[in-house]
Each structure stands twice: as structure tokens, then as C-alpha cells.
Amino acid sequence: MSWMEQLVETYDENERFAGRGGIDGMKALLPPVGHIIQNAQIEITLNADGELIQAEVIPKEHQSTLIPCTPGSASRTGNPAPHALHDNLSFIAKDYCIFVNSKDSEKPYIAYKEQLGIWVASNPNLKVQAVYRYISSHDVIHDLIEKKVLFQDTAGKLLEKWTDKETPKPLIFSAVSGDILKAMVRFRVVMDGDDCPELWNDTCLQKDYQTFFQQQFSQTEEQLCYATGKKLPPTDKHGKGIRFPGDGAKIISSNDMTGFTFRGRFADADECISIGYESSQKAMNALMWLARNQGYTHDGRVFLAWGRCGQTPPSVFDDTARLTRRRRPAGTERPSSLKGWAESLTKALAGYQHEFKQAEMSQVNVMILDAATKGRLSICYYSEMAGEDFIERIERWHSLGRWRQHGYDSDKDESFVYFGVPAPKRLVEACHGVSVGDSQMKLELERIFHAILQGMPFPVDMERMLIGRAVKRAVCDAYYGWRRQILEPACSIIARRLNHKKEEYTVALDETKDDRSYLFGRLIAVADQMERATFSRDEMGSRTTNAMRYMEIFSSRPASTWLTLQKKLLPYQQKREMYGGKERKLISKIGSMFHDDDFLSDRPLDGKFLLGYYCQQYAMELEREENRKKKEALQEEEV
């Protein structure tokens with residue numbers, strides 16, 4: 001149970017944030033013990049006497065609501081256990097039975113009113129009293145109909161769908177997905193001298209409920225909590241809603257005796273495991289808070305890494321540009337060179353290392369969560385490691401595979417160049433295409449996740465698939481799209497594997513390397529440039545060169561394909577002679593670097609072929625940019 005102990009301790013270290021919203025850097029609220037977070041769709045405003053002032057539909061972006069709960073209500077599925085204050089219409093509306101043809105439709109309201117009445121009797125909180133007066137003396141659903149929040153048809157039944165296409169659809173039908181009568185209602189109480197009418201944000205009300213709950217719960221006999229080793233009141237009902245609001249999957253659960261779950265092993269569930277209610281609440285609330293704040297979620301699978309003692313480790317799923325941006329001071333420009341990006345990464349990771357060294361416990365906990373069914377959440381992977389080790393592996397991932405990448409900044413609506421490693425999701429899309437299925441994406445992300453954390457090479461089958469797609473230029477018609485989506489991620493992965501073996505491969509062209517695959521890559525890059533240089537402006541974005549058409553077969557049979565390619569290059573070579581024939585001269589220079597028989601061999605090329613191609617293309621691009629600047633400078637001098 002070390003994962004649960006770690007979560008409880010994480011909650012204790014951050015308990016000062018519990019129930020407080022609007023804290024910088026936090027996307028989600030940390031619920032106090034005895035509270036959960038759910039989405040509310042309707043907001044009712046009352047005065048101090050419990051009279052209705054206003055009712056309105058809550059936009060989806062503001063629906064997240066902190067709700068006091070009981071052990072039964074926090075884990076309820078089909079049972080009629082009411083929440084303590086905010087709840088569904090079926091619990092708070094005494095006229096609910098009028099709109100539902102069910103024999104037991106009154107039971108939820110009776111249970112809710114009785115429980116709220118006990119709280120009111122034990123604690124003279126004026127806001128809770130106002131809510132109790134309102135639900136006791138008013139028909140909530142009829143009030144909402146009068147306020148144009150809910151709607152009836154001509155027969156007096158509640159409208160579940162809006163079918164009138166000529167009239168704008170009311171907000172309630174967009175805010176609630178499914179049964180309208182299951183809409184969650186939250187309360188505001190406006191009182192003189194009170195600056196927090198929102199009951200879900202009132203920290204004093206949260207403490208009042210915790211005091212009331214402890215009084216009700218203190219009569220339970222204490223048992224050994226297997227998570228913390230303390231004697232605590234136990235619970236067999238554990239929280240849900242961990243991955244997202246409305247998530248019904250639980251990590252810890254047990255069936256009733258009718259399922260014969262314990263037959264032949266235990267007489268009851270307590271003989272198997274006993275967990276304190278406080279430990280369960282702290283662990284599940286902390287896990288929910290961490291997953292929504294710093295977890296990476298894809299199709300229900302959550303990848304999470306968190307530090308202890310307030311430490312926030314770098315994200316495993318960031319690309320290099322995003323990782324360095326998180327630690328750059330506001331207003332600082334992006335680096336513009338390979339050296340600048342390397343320094344930026346070093347500074348960013350040094351900041352994380354400093355935080356871990358300052359802490360008493362330098363530790364990172366890593367967890368993967370997923371649900372095989374709607375009701376069961378599994379821990380697919382869990383590990384604990386020293387914070388310095390975690391950061392070192394993140395650094396190796398971003399350093400060994402550093403390559404020139406084209407990214408996109410959605411905030412500024414512009415593309416930019418960075419030197420680093422793409423995000424894991426982009427690597428999977430490069431391997432399988434942008435239309436990769438969710439199940440395949442989850443599987444591959446987990447494999448990359450393990451490779452990063454364990455300091456292992458990129459999965460070799462994915463690397464081969466990526467190289468295979470890179471040499472098939474037909475998979476992406478546009479040259480720049482192919483370069484960004486496939487070629488650059490492929491070069492990053494190939495360079496990482498080679499550098500992992502202590503070789504030196506960077507995006508800067510190495511004119512001394514005489515590796516056969518690297519040299520053939522340079523050759524086809526020059527051939528591509530020779531033909532491309534003769535294109536008109538309109539042809540640049542639509543026409544494919546012979547070098548790109550032959551790229552796949554060239555990687556399989558380079559020597560014989562190069563002879564064919566040279567014949568097709570003759571007309572373009574003649575056109576380029578008037579500019580000095582620099583491409584022809586460069587081809588001759590590269591050809592002279594081959595070892596005996598390497599140039600004539602038709603052995604397939606390895607991944608260094610793509611590195612040589614990209615490095616040569618990049619070197620020629622830099623040369624063209626430098627010539628353009630010189631030309632502009634001369635023109636300015638002449639003026």
C-alpha cells in the first residue's frame with residue numbers, strides 16, 4: 001500500500017490548499033476530507049430566510065463544484081444515499097415524485113431532508129438553515145419552471161429534449177447530457193455582511209461540515225488502517241471521480257456478500273483489508289487533485305508523476321519547447337540557436353533540481369491509471385524514484401535526441417523552430433499517422449513513458465516503423481508537412497539511439513563523417529535541391545522532385561537507384577550550370593568520401609541515411625539564408 005501512504009502524506013503536505021480556489025498554478029481544487037468535486041448544472045440563489053431570489057443554468061466551464069458528502073454518497077452508484085448539501089433534483093425537490101412514475105420516488109428526498117435536518121439541529125449555520133427552509137417549504141422543480149430554467153410540454157410533463165427548431169434552444173439542454181431530472185443543483189445564500197454567498201467556496205462552512213461529520217462518525221469502532229498503520233474509523237466505501245468529474249471507476253471496492261467474493265478465503269471484507277475513512281478520503285482526493293493538475297490523460301488513461309513536499313517534477317509528455325517555457329521568466333524570448341536551446345534546457349532542469357535538493361525528501365512517484373470497466377480503476381504501473389534520478393532521465397531524453405523541430409504556438413498563432421525532442425504524442429502520430437486509434441495511442445504512449453523513466457532506448461519496432469514512413473514520401477504530399485510531421489521526429493529518435501551508444505550526431509552537418517548511409521543521405525539531399533532550385537514559385541508547393549519520388553527504393557537499393565536518378569537529373573544539372581554548378585561539385589565531393597565498394601554496394605541503408613539527408617538540407621538552407629542577407633546588405637549600401 002505504499003502508493004496510498006504516499007498519497008496520504010502528499011495530502012497532509014498540501015492540506016493548507018484544501019477547499020481554496022483561485023490559487024496560481026492549480027487547475028483543480030484539492031477537496032477537504034468529507035468533500036468531493038462534481039459538476040453542477042443549476043444554481044439556486046436564496047436569501048437568509050430561505051426564499052428564492054434567482055435560479056439559472058451554469059455554463060459548462062463553471063460547473064465544477066465542491067460538495068460535502070458522506071461515505072455512502074461519495075461512492076454511490078444506484079443507492080439513494082444523499083449528499084449533505086448540494087445534490088440532484090431527485091434529492092432536493094419534494095415535487096420530484098409528481099414528474100416521475102415510480103413507487104420509491106419520494107425516498108431520496110426524505111433521506112436528504114432528514115440528513116440535512118440533523119446537520120441544522122447540530123450546527124446553527126445560517127446558510128445551511130436557509131437551504132433547509134427552502135427545500136422544506138418550496139417545490140423546487142416548479143420554481144425552476146417558473147424561472148424558465150426547466151420546461152414543460154402541453155401535457156405537463158418535463159421536457160427532456162428541445163424539439164422546436166424555430167426557437168433558440170434553452171441553456172439547460174446544452175448543460176445537461178442525459179436525464180434532466182438528474183441535474184445537479186448548487187446553492188448560493190445572500191446574507192448581509194457576508195462576502196461569500198457561494199456555499200461551495202465558503203471555507204467556514206467546510207469546517208462546520210467536517211465538525212458535524214466527525215460527531216456523527218466518531219461512534220464507529222476504530223480498526224487498524226492498512227494504509228497508514230494507525231487506528232482509525234474504517235470505511236468500506238471509497239471515493240470515485242478520480243480522473244474526471246462523473247468518473248464512476250474506483251481503485252478500491254468490494255462486492256456485497258451475495259456475490260460470494262470472499263467464499264473460501266474470508267468471512268467478510270474486513271478480514272482482507274481495512275482502510276480508515278480519513279486515509280481513504282485523503283488518498284483519493286489527493287490522487288484526483290494530482291491527476292487533474294499535472295496528469296496527462298488520453299482516452300481515460302492517466303499518466304502521472306508527482307513530487308513530495310511541494311515539489312513539481314517536469315512533465316514527461318512535454319516537448320523540449322514547452323518544458324523550457326515552463327521555467328523561462330515571463331517575457332523572455334525563445335532561444336534562436338542549437339546552443340541557446342541547450343542552455344535553456346540546462347537552466348530549466350537546474351531549477352527543478354534546486355527544488356528537489358532543497359526539500360527534505362527528494363522523491364518522485366510515478367503512476368499510470370486506467371479503467372478496464374466503468375466501475376473499476378486499475379493501477380497499471382507504479383514506481384518511486386529519487387527526484388534527481390527522475391530529472392536526470394528527463395534530461396537524457398531531451399538531450400540525446402535533440403534535433404531541429406518545427407513547432408506551433410497556439411497562444412501567438414505562429415510556427416517556430418526549436419532544437420529538442422517532440423512530445424511523445426507527436427512521435428506516436430509520426431509512427432502510425434495522425435488518425436491513430438485511441439487504444440493504439442494509449443499503448444504506445446505507455447511504452448514511451450517507460451522508455452523515458454527507465455532511461456532505455458526508444459522501442460525498436462516503433463523506430464523501424466517511423467523510418468519506413470519517413471522514406472515513403474507519398475504518405476504526406478506536402479514537403480513541409482512531411483518534414484515536420486515525420487522526418488524531424490524520425491531524425492530525433494535515430495539520433496537518440498546513436499547518441500545513446502556514445503556516438504555524436506547532431507543537426508549540424510558533419511563533413512568528416514564517412515558512414516555509407518550518412519553519405520548517401522547527403523547525396524539525395526543535394527539531388528533534391530538541384531531539381532527544386534529550378535522550380536517556379538507556384539511549383540514549390542505542389543511539385544515533387546525525382547529524388548523524393550525515388551526515396552523509398554533509394555534506401556533499399558542505393559547504388560543502382562542513384563544511377564537512375566543521375567540520368568533524370570541531367571536536364572536540371574544543365575540549368576544549374578549557369579549558376580556555377582555548385583550542386584554538381586558538391587555531389588562529386590561527397591562521392592569522393594565513400595570507402596572502396598561502399599558506393600557500388602546495393603545493401604539497404606540504415607537510419608543514418610535520414611540524418612545525412614536532413615543535415616545536408618539544413619546546411620544548404622543556412623547557406624541560402626546567409627546569401628540572402630548578404631544580398632540585402634549590398635542593396636542597402638548601394639542605396
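The values are calculated or read from the model by the stated rules, or taken from the named source; none is laboratory data. Just so you know, these numbers come straight off a predicted model, no measurement behind them. Positions of Cβ are backbone-derived with ideal geometry, glycine not excepted, and every protein chain shown enters the neighbour counts.
Whether any residue in segment 559-575 is assigned to a helix (DSSP H, G or I), more than 28 Å from Gly401 (Cα to Cα), of a type in the set (D, E, K, R) and in contact (Cβ under 8 Å) with a residue 24 or more places away in the chain is what I want to check.
Filtering segment 559-575 for residues assigned to a helix (DSSP H, G or I) gives 559-575.
From what's left, more than 28 Å from Gly401 (Cα to Cα): 559-575.
With of a type in the set (D, E, K, R) added as a condition, the list becomes 567-568, 575.
Pick out the ones that are also in contact (Cβ under 8 Å) with a residue 24 or more places away in the chain and you get 575.
Yes - at least one qualifying residue is present in segment 559-575.
Can you tell me which residue is modelled with the highest pLDDT among those in segment 216-231 that are within 20 Å of Glu114 (Cα to Cα) and either exposed (fewer than 13 other Cβ atoms within 10 Å of the Cβ) or of a type in the set (Ser, Thr, Tyr) (or both)?
Looking at residues that are within 20 Å of Glu114 (Cα to Cα) and either exposed (fewer than 13 other Cβ atoms within 10 Å of the Cβ) or of a type in the set (Ser, Thr, Tyr) (or both), I get Gln219.
Hey, among the residues in segment 41-51 that are in a strand (DSSP E or B) and under 14 Å from Val128 (Cα atoms), which one's farthest from the chain's Cα centre (by Cα)? Write out each step before concluding.
If we filter segment 41-51 for residues that are in a strand (DSSP E or B), which is where we start, we get 42-47.
From what's left, under 14 Å from Val128 (Cα atoms): 44-47.
Details: Ile44: 33, Thr45: 35, Leu46: 38, Asn47: 41 Å.
Going through the qualifying residues, I end up with Asn47.
Within segment 453-544, considering only helices (runs of 4 or more DSSP H) that don't extend past its boundaries, which have at least 2 residues that are touching a helix residue (DSSP H, G or I) at 6+ places or on another chain (Cβ under 9 Å) and farther than 29 Å from Asp597 by Cβ?
460-471, 479-482, 488-500
I'm checking my understanding of the structure. Among residues of segment 2-43 that are out of contact with any His (no Cβ under 8 Å at 6 or more places or on another chain) and among the small types (Gly, Ala, Ser), which one is surrounded by the most Cβ atoms within 10 Å (Cβ to Cβ)?
For segment 2-43, the residue satisfying everything is Gly34.
For segment 486-515, give me the residue count where each residue is surrounded by 23 or more Cβ atoms within 10 Å (Cβ to Cβ) and either modelled with pLDDT under 90 or closer than 19 Å to Ala559 by Cα (or both).
Adding up the residues that qualify gives 1.
Where residues in segment 290-303 are under 19 Å from Ser383 (Cα atoms) and either of a type in the set (Gly, Ala, Ser) or part of a helix (DSSP H, G or I) (or both), which of them is farthest from the chain's Cα centre (by Cα)?
The selected residue is Leu290.
Restricting to segment 596-611, name every residue that is surrounded by fewer than 16 Cβ atoms within 10 Å (Cβ to Cβ) and in contact with a helix residue (DSSP H, G or I) (Cβ under 9 Å, 6 or more places away or on another chain). Spell out the reasoning first.
Pass one, segment 596-611, residues surrounded by fewer than 16 Cβ atoms within 10 Å (Cβ to Cβ): 596-597, 600-604.
Once the filter is applied, which keeps residues that are surrounded by fewer than 16 Cβ atoms within 10 Å (Cβ to Cβ) and in contact with a helix residue (DSSP H, G or I) (Cβ under 9 Å, 6 or more places away or on another chain), segment 596-611 yields Leu600, Ser601, Asp602, Arg603, Pro604.
Which of the numbered conditions does Asp195 fail, given that it passes all the others? Conditions: (1) within 30 Å of Ala130 (Cα to Cα); (2) modelled with pLDDT of 80 or more; (3) touching a Ser or Thr at 6+ places or on another chain (Cβ under 9 Å).
Among (1) within 30 Å of Ala130 (Cα to Cα); (2) modelled with pLDDT of 80 or more; (3) touching a Ser or Thr at 6+ places or on another chain (Cβ under 9 Å), Asp195 violates only (3).
For the list (1) over 13 Å from Ala527 (Cβ atoms); (2) aromatic (Phe, Trp, Tyr); (3) over 47 Å from the mean Cα position of the chain (by Cα), I need the number of the one condition that Tyr618 fails.
For Tyr618, the exception is condition (3).
If I go through segment 165-212 residue by residue, how many of them are surrounded by 11 or more Cβ atoms within 10 Å (Cβ to Cβ) and acidic (Asp, Glu)?
Looking only at that region, the number is 5.
Any residue that is over 24 Å from Glu343 (Cα atoms), of a type in the set (S, T, N, Q) and touching a residue at least 40 places away in the same chain (Cβ under 8 Å) - is there at least one of those in segment 430-439?
We begin by selecting, within segment 430-439, every residue over 24 Å from Glu343 (Cα atoms); these are 430-439.
Among the residues that remain, those that are also of a type in the set (S, T, N, Q) are: 435, 439.
Still in the running and touching a residue at least 40 places away in the same chain (Cβ under 8 Å): 439.
Yes: one or more hits.
Within segment 67-177, considering only helices (runs of 4 or more DSSP H) that don't extend past its boundaries, which have at least 2 residues that are among the aliphatic types (A, V, I, L, M)?
On the way: elements: 71-74, 89-92, 96-99, 107-122, 126-137, 140-146, 172-175.
Correct list: 89-92, 107-122, 126-137, 140-146, 172-175.
Of all residues in segment 332-356 being among the polar types (S, T, N, Q) and surrounded by 12 or more Cβ atoms within 10 Å (Cβ to Cβ), which is nearest to Gly407 (Cα to Cα)?
Step one: filter segment 332-356 for residues among the polar types (S, T, N, Q), giving 332, 336-337, 344, 346, 353.
Filter again for surrounded by 12 or more Cβ atoms within 10 Å (Cβ to Cβ), leaving 336, 344, 346, 353.
Working: Ser336: 13, Ser344: 16, Thr346: 20, Gln353: 27 Å.
Only one residue fits best here, namely Ser336.
Could you tell me whether segment 593-607 includes any residue that is of a type in the set (D, E, K, R), part of a loop (DSSP other than H, G, I, E, B), within 30 Å of Asp319 (Cα to Cα) and modelled with pLDDT of 90 or more?
Checked segment 593-607: at least one residue is of a type in the set (D, E, K, R), part of a loop (DSSP other than H, G, I, E, B), within 30 Å of Asp319 (Cα to Cα) and modelled with pLDDT of 90 or more.
Return the residues of segment 76-110 that are at pLDDT 90 or above, over 23 Å from Gln152 (Cα atoms) and buried (at least 17 other Cβ atoms within 10 Å of the Cβ); say none if nothing qualifies.
Pro82, His83, Ala84, Leu85, His86
Based on this model, can you work out whether Arg396 counts as closer than 24 Å to His500 by Cβ, in contact with a His (Cβ under 9 Å, 6 or more places away or on another chain), modelled with pLDDT of 90 or more and surrounded by fewer than 23 Cβ atoms within 10 Å (Cβ to Cβ)?
yes
Please specify each residue of segment 452-464 satisfying the condition of being crowded, with 16+ Cβ neighbours inside 10 Å and within 16 Å of Leu605 (Cα to Cα).
We begin by selecting, within segment 452-464, every residue crowded, with 16+ Cβ neighbours inside 10 Å; these are 452-453, 458-459, 462-463.
Once the filter is applied, which keeps residues that are crowded, with 16+ Cβ neighbours inside 10 Å and within 16 Å of Leu605 (Cα to Cα), segment 452-464 yields only Glu463.
With respect to Arg325, determine if the residue is of a type in the set (D, E, K, R) and under 30 Å from Pro245 (Cβ atoms). Step through it out loud before you land on a result.
Numbers: of a type in the set (D, E, K, R): yes; under 30 Å from Pro245 (Cβ atoms): yes.
When the stated conditions are applied, Arg325 passes them.
Do you know which of the residues in segment 418-429 that are in contact (Cβ under 8 Å) with a residue 60 or more places away in the chain, assigned to a helix (DSSP H, G or I) and of a type outside the set (Lys, Arg) is farthest from Gly481 (Cα to Cα)? Give the derivation first.
Our first condition is that a residue be in contact (Cβ under 8 Å) with a residue 60 or more places away in the chain; within segment 418-429, this holds for 418-427.
Add one more test, that the residue is assigned to a helix (DSSP H, G or I), and what stays is 424-427.
Filter once more, keeping what is of a type outside the set (Lys, Arg): 424, 427.
Values: Pro424: 18, Leu427: 14 Å.
Ranking the candidates gives Pro424 first.
Pick from Tyr550, Tyr614: which is touching a strand residue (DSSP E or B) at 6+ places or on another chain (Cβ under 9 Å) and surrounded by 12 or more Cβ atoms within 10 Å (Cβ to Cβ)?
Going through Tyr550, Tyr614 in turn, the sole match is Tyr614.
Just to check your reading of the model, which residue among Met578, Met593 is aliphatic (A, V, I, L, M), more than 20 Å from Ala478 (Cβ to Cβ), free of Cβ contacts under 8 Å to residues at least 60 places away in the same chain and surrounded by fewer than 19 Cβ atoms within 10 Å (Cβ to Cβ)?
Met578 is the lone residue from the list that is aliphatic (A, V, I, L, M), more than 20 Å from Ala478 (Cβ to Cβ), free of Cβ contacts under 8 Å to residues at least 60 places away in the same chain and surrounded by fewer than 19 Cβ atoms within 10 Å (Cβ to Cβ).
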